[in-house]
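One structure below.
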Amino acid sequence: MKVKFRTVLYLLLVSLFIGCNEINNKINEGSSEIEINEGNDVLTVANEEELAIALKEGYRITIKNDIETNNELIMEGDFSKTDTTEGNKVSHIGRELNLFYIDKSNNVINSYTLSVPKLVIKSNDTTIKGGKIKGDIYVESNGLILDDTKVEGNLYFKNKNNEDSFKLQNTASVSGNIEVE
């Protein structure tokens, strides 16, 4: 019961956060269409091509349907943001990959699966939230957090520091091995 309450509370907080801004701009990239939510800089993607672009260019990425690929995907790049409240200091912010989408029209939270043979995380302080990943994750950075995400595969770390900074939160789980490679 406690887990259900936390999950519902988490999802309500996420929906409140995402629902605060209703202005969506669309960027056309050839045949792909990536939505950008201006208020919280979320890139919303619907297919492998859009996801591959977003993993290199966005710091908050949300998928809005199941994505299956036979190609390796790489999340790389650390992002910084100017904090105007502290004299324009530049601070590091973590990246997010959300495997769920909140449909504002009927307030439904949809959870999705990313099927990938190899997902490489090279961005520090990355959080993967919700949904499921079918495939192996290779971590070459510090601070990976799996939050309510089910991984059906192995989790390999480049070194011990990467592994020591890793966290499983809420109902997150890994069905395979977790080890330093």
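Going by average Cβ neighbours within 10 Å, how do the peptides 64-76, 169-181, 128-140 rank, with the highest at the top? Spell out each step's value before the answer.
Working: 64-76: 15.5, 169-181: 13.9, 128-140: 20.7.
Descending packing order for the listed peptides: 128-140, 64-76, 169-181.
Modelled label positions at ILE93 and ASN71, each set 7 Å beyond Cα in the direction of Cβ, lie 2.7 nm from each other. In the context of the full set of protein chains, residues of segment 127-175 present 41 Å² of accessible surface per residue (probe radius 1.4 Å, heavy atoms only).
The values are calculated or read from the model by the stated rules, or taken from the named source; none is laboratory data. Please read these numbers as outputs of a predicted model, since none were measured by experiment. As a convention, Cβ positions derive from the backbone with ideal geometry for all residues, glycine included, and neighbour counts pool all protein chains shown. Just the protein is used for accessible areas: all its heavy atoms, side chains included, with ligands, DNA and RNA removed. Shrake-Rupley method; radii C 1.70, N 1.55, O 1.52, S 1.80 Å.
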